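Nothing in this text is a laboratory measurement; each read-out follows from the coordinates by a stated rule. The structure presented is a predicted model; accordingly, all values stated were derived computationally and were not measured.
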Amino acid sequence: MKRITRVLVVSALAAATLSACTDNGDHDMSTMSSTSPGSATTSPSGTSASGAHNDADVKFATGMIPHHAQAVSMAAMVPTRASSQEVKDLAKQIQAAQDPEITQMTGWLQAWGAPVPAATGMQHGGDGMMSMDEMSQLGSATGTDFDRMWLQMMIKHHQGAITMARTELADGADADAKALAQAIIDGQSDEIATMTALLTGD
């Protein structure tokens, strides 16, 4: 009985100590920014962002989040409107790639203490993004007309993303952000080639 009593006492003390540490050290990770240049920071999403970032990195993530969000919105239209299985497969591929990248870039901005833009994808028509009127036209189309319009718009959209990514490679400082920029260039260049072939029938 004495041994059991000692175990219970020790367990109670450990629980009290853990509770005190939790109460005193509780911080909201979403409000924490990188500490010093060159230090590694873990974002709330679990993605890594190095501390040696600059304004170009922030601009890249801030601009690419709504850009990706619009691509995801365009991809979400496909299952109920497209007639081409190739377009449906490509839309799934785009959504699967860009949704996690939105989460990744959101984590970076939070870790850097920078504002996170709304991922609505409806902010402007620059950088290859579609205007409100263009998105409305796309949403009204069906069948082969939708397929053609969607491919044409997504090619333009990808071209804008590649331009943004090249700017990040030239001007950015964060290694993770630049790696994502290169991945966007590589992946979306391949998708442009696929979409061009679908349009031309090659």
### Fully extended contour minus Cα-Cα distance, from Ala96 to Asp133, at 0.36 nm per residue
10.7 nm
### Query
Short version: ³J(HN,Hα) in whole Hz for each residue of the stretch 153-162, in order, from phi by Karplus 6.51 cos²θ - 1.76 cosθ + 1.60 (θ = phi - 60°), x for Gly and Pro, what are they?
5, 5, 4, 4, 4, 5, 4, x, 5, 5
### Task
In whole Hz, with x marking every Gly and Pro, tabulate ³J(HN,Hα) for the stretch 57-64 from phi via Karplus 6.51 cos²θ - 1.76 cosθ + 1.60, θ = phi - 60°.
5, 4, 4, 4, 5, 5, x, 6
### Query
Per 5 Å bin, what percent of the C-alpha pairs of the stretch 64-109 does each bin hold, from zero upward?
5, 24, 29, 18, 13, 7, 3, 1
### Query
Which length gain, in nm to one decimal place, applies between Thr103 and Ala118 when the Cα-Cα distance is subtracted from 0.36 nm times their residue separation?
4.2 nm
### Task
Provide the per-residue ³J(HN,Hα) series for the stretch 186-200, in order, calculated from phi with Karplus coefficients 6.51, -1.76, 1.60 and θ = phi - 60°, each as a whole number of Hz, with x at glycine and proline positions.
5, x, 6, 5, 5, 5, 4, 4, 5, 5, 5, 5, 5, 5, 8
